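Since every read-out is calculated from the coordinates, none of them should be taken as a lab result. In this text the structure is predicted, and so the values were computed from the model without any measurement. FYI the Cβ positions are ideal-geometry reconstructions off the backbone, even for glycines, and counts take in every protein chain you see.
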Amino acid sequence: MKRRTTRTLSLSAIALSGALVLVACGGDDTDGMDHAKGGSGSGSAPAAAPGASQGGFNDADVMFAQMMIPHHEQAVEMAKVVLAKTADADVRRLATAIEAAQAPEIALMEGWLAAWGKPADASGGMDHGSGGDGMMSDADMDRFRAAAGAELDRQFLEMMIVHHNGAIAMAEEELAKGVNPEARKLAEAIKSSQAAEVQEMQRLLTARPGAPGGASGGTSGPASSPASAPAAATGGHH
């Protein structure tokens, strides 16, 4: 009788221990699942919303993207026009680089605006072709498309200097007023890369026999030095 009672107590203790183990294991598994879910969620967030949508943005960031998109689009159009006609190796190299750099940036900025819930085009924005942003007017573009040979190359270099300086001024405004990290990063890249291209285009213009040293065609003032064109572009933008 005593042995049976002892045996019953032992079996009860084993059953209780097993139940405790199961509860403990169940708790560990649940915690593990919760951690896994938490880790998966935090790990997938950057992939779900990459780029500028990760950070905050303000009106200056929105305006930067809205105005730079058509600005880039015109530069890409100018590059395509000259690539279809010119035989100048230096001009072709420059135009190819401009198209390769700016076409992807257009898609990048369009993605930002979509993520921010903003329209791709600005309303009541800058008057393109007025000289303040370096954009060419319709008349400038018509004259450019009609040109050929050395005249086409000259117009491309002179117009693109003014165009680049407008972009530099817009980038500087973004750096002064914008808050989005990715937009500011792009503005820095535009400022540095296009300033270098302005210097290269100035060099190519100066090397041309009989070529004037500055931009003409009614788009802006003389661009005989890299410092003069930014002044013209900046004047109407800031």
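Below, the figures for the structure above:
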{"item": "Distance-filtered residues of the stretch 62-105 - backbone nitrogen under 18 Å, label point 7 angstrom along E151 Cα→Cβ", "result": "81-88"}
{"item": "Using a Förster distance of 25 Å, the FRET efficiency for A207-L175 (Cβ separation, nearest 0.05)", "result": "0.20"}
{"item": "FRET efficiency estimate (nearest 0.05) - Cβ-Cβ, E77 to A114, R0 25 angstrom", "result": "0.65"}
{"item": "Under Karplus coefficients 6.51, -1.76 and 1.60, residue-wise ³J(HN,Hα) of the stretch 62-78 in Hz, glycine/proline x", "result": "5, 5, 4, 5, 4, 7, 6, 4, x, 4, 5, 4, 5, 4, 5, 4, 4"}
{"item": "Fully extended contour minus Cα-Cα distance, from A89 to E200, at 0.36 nm per residue", "result": "38.6 nm"}
